[in-house]
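K.L.:
Shown below is the structure under consideration.
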Amino acid sequence: MKNRLHRMISDSRDRTAAAALVSLGVNALTGAGKLVLGLYLLSPWFITSAVYYLVLGAARGLTLRRYAQVRTVADPEKRHGLELAVYQKSGFFLCLLGLSYMAVCLRMLMAGDVAVFGGNIVFLIALVAFSKLATASTEMWLTGT
């Protein structure tokens with residue numbers, strides 16, 4: 001147990017996988033809770049939000065399962081092929097997430113649930129989006145990807 005914990009702490013890929021595993025559990029619970037609530041309240045908003053979280057959880061689960069399989073492959077060429085397949089399936093899940101998000105936005109637009117935010121909240125939303133982009137860009141630059 002101690003060796004496994006030490007390896008997890010020392011290897012950045014294993015730390016990322018551990019964080020994704022925790023996130024998978026949170027997404028599964030959130031998605032299941034929203035689905036139950038959506039069906040109980042007959043709320044399309046909760047149901048579409050549940051679909052988003054469940055697809056996100058499925059994508060993470062598949063990626064983690066494939067990561068465990070890829071780690072055992074010693075041949076670099078075969079490992080690269082398996083990693084490429086994971087990237088392609090992850091891209092497919094990202095498309096599904098985009099479609100579910102589009103469904104949420106269309107539902108809000110068609111139902112007239114559009115909210116106009118004013119004041120400092122707009123700047124806060126822009127700041128969060130900018131910080132996410134800046135963090136992702138910096139990480140890509142630092143890792144050379």
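The values are calculated or read from the model by the stated rules, or taken from the named source; none is laboratory data. Quick caveat, the model's predicted, so the values are computed rather than measured. In this analysis, Cβ positions are derived from the backbone assuming ideal geometry, glycine residues included, and neighbour counts consider all displayed protein chains. Accessible surface areas use protein heavy atoms only, side chains included; no ligands, DNA or RNA. Shrake-Rupley method; radii C 1.70, N 1.55, O 1.52, S 1.80 Å.
K.L.:
Taking the conditions exactly as written (of a type in the set (Val, Ile, Thr) and more than 25 Å from ALA17 (Cβ to Cβ)), does VAL36 satisfy them or not?
P.N.:
So VAL36 fits the description; yes.
K.L.:
Just give me the residues in the stretch 116-143 being open to solvent by less than 60 Å² (accessible area, probe 1.4 Å) and outside any helix (DSSP H, G or I), in sequence order.
P.N.:
GLY118, GLY119, listed by residue number.
K.L.:
Among (1) open to solvent by 60 Å² or more (accessible area, probe 1.4 Å); (2) free of Cβ contacts under 8 Å to residues at least 40 places away in the same chain; (3) within 20 Å of the chain's Cα centre (by Cα); (4) farther than 19 Å from ASP14 by Cα, which single condition is TYR101 missing?
P.N.:
All conditions are met except number (2).
K.L.:
A further question on this structure: Find all pairs meeting these conditions: Cβ atoms under 7 angstrom apart; at least six residues apart or on different chains; first residue within the stretch 104-124 and touching a residue at least 60 places away in the same chain (Cβ under 8 Å); second residue among the polar types (S, T, N, Q) and surrounded by 10 or more Cβ atoms within 10 Å (Cβ to Cβ).
P.N.:
ARG107/THR48
K.L.:
Now for a different question. If you check ALA103 against the conditions, is it of a type in the set (Gly, Ala, Ser) and part of a helix (DSSP H, G or I)?
P.N.:
Criteria met by ALA103.
K.L.:
Please specify each residue of the stretch 48-67 satisfying the condition of being open to solvent by 40 Å² or more (accessible area, probe 1.4 Å) and free of Cβ contacts under 8 Å to residues at least 24 places away in the same chain.
P.N.:
Within the stretch 48-67, ARG65, ARG66 meet the criteria.
K.L.:
List the pairs whose first member sits in the stretch 17-34 and is part of a helix (DSSP H, G or I), whose second member is among the polar types (S, T, N, Q), and whose Cβ atoms are under 8 Å apart, counting only residues at least 6 apart or on separate chains?
P.N.:
From the stretch 17-34, the pairs are ALA20/THR63; LYS34/SER49.
K.L.:
Give the residue that is farthest from THR30 (Cα to Cα), with candidates limited to residues of the stretch 80-97 that are open to solvent by 50 Å² or more (accessible area, probe 1.4 Å) and in contact with a Lys or Arg (Cβ under 9 Å, 6 or more places away or on another chain).
P.N.:
Applying the filter and picking the extreme gives LEU82.
K.L.:
Among residues belonging to the stretch 11-37 that are hydroxyl-bearing (Ser, Thr, Tyr) and under 18 Å from ALA68 (Cβ atoms), point out the one that is modelled with the highest pLDDT.
P.N.:
Applying the filter and picking the extreme gives SER23.
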